[in-house]
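Handing you a structure now.
The values are calculated or read from the model by the stated rules, or taken from the named source; none is laboratory data. Owing to the predicted nature of the structure, the values given are computational and were not obtained by experimental measurement. Heads up, the Cβs are rebuilt from the backbone with ideal geometry, glycines too, and the neighbour counts pull from every protein chain shown.
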Amino acid sequence: MIDYFNSGTACYFETEPYSRILSAIGEGQENAVHLSELIRISGMTDRELRKTIEYLRRQGVVILSGNSGYYFPADETELKAFVRREEHRAKSVFYTLRAARRLLKNNT
C-alpha cells in the first residue's frame, strides 16, 4: 500500500472540509469519485473544490485524477501513469508558451 499522505500532515486534514473530501476519495482508479459527487458531498462550488484539492496536493497529499474522477493511488503503476500524464501536460503548456514568449521578447 502506498502512503499518500506526507508525514505530519494527516492530522491537520481531520478538520472540515478536508476530512469530508478525503474520506470520499477511494483508493485505485476503479474507486475514483467524480467531481460532481465531491461537489455534492462537500457543498462547495466547482472552483472551491478544485482549489481545495490543489491545496491538499501542495501540502503533500497524493490525489490522482483521471477521466473517472479523483482517487488515491492503489499501486506504483497508477502513480507512475499519473506522473507521466501530468509531466506530458506540463511540457505541452511550456511548448505552447514558447511562441508567446518569443513575441514578447521581440516586442520589447
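As an exercise: evaluate residue 60 against (1) in contact with a helix residue (DSSP H, G or I) (Cβ under 9 Å, 6 or more places away or on another chain); (2) modelled with pLDDT under 95 and give the number of the one condition it does not meet.
So residue 60 meets the others, but not (1).
Select from the range 75-96 the residues that are exposed (fewer than 11 other Cβ atoms within 10 Å of the Cβ), free of Cβ contacts under 8 Å to residues at least 24 places away in the same chain and within 14 Å of residue 64 (Cβ to Cβ) and list them in ascending order.
77, 84, 87, 89
May I ask you to say which residue of 87, 54 is farther than 29 Å from residue 14 by Cβ and either aromatic (Phe, Trp, Tyr) or under 15 Å from the mean Cα position of the chain (by Cα) (or both)?
Just one listed residue meets the conditions, 87.
Each row is one residue, and each column tells you yes or no for (1) over 18 Å from residue 21 (Cβ atoms); (2) touching a Cys at 6+ places or on another chain (Cβ under 9 Å); (3) at pLDDT 95 or above; (4) part of a loop (DSSP other than H, G, I, E, B).
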| position | (1), (2), (3), (4) |
| --- | --- |
| 44 | no, no, yes, yes |
| 56 | no, no, no, no |
| 83 | yes, no, yes, no |
| 96 | yes, no, no, no |
| 99 | yes, no, no, no |
| 108 | yes, no, no, yes |
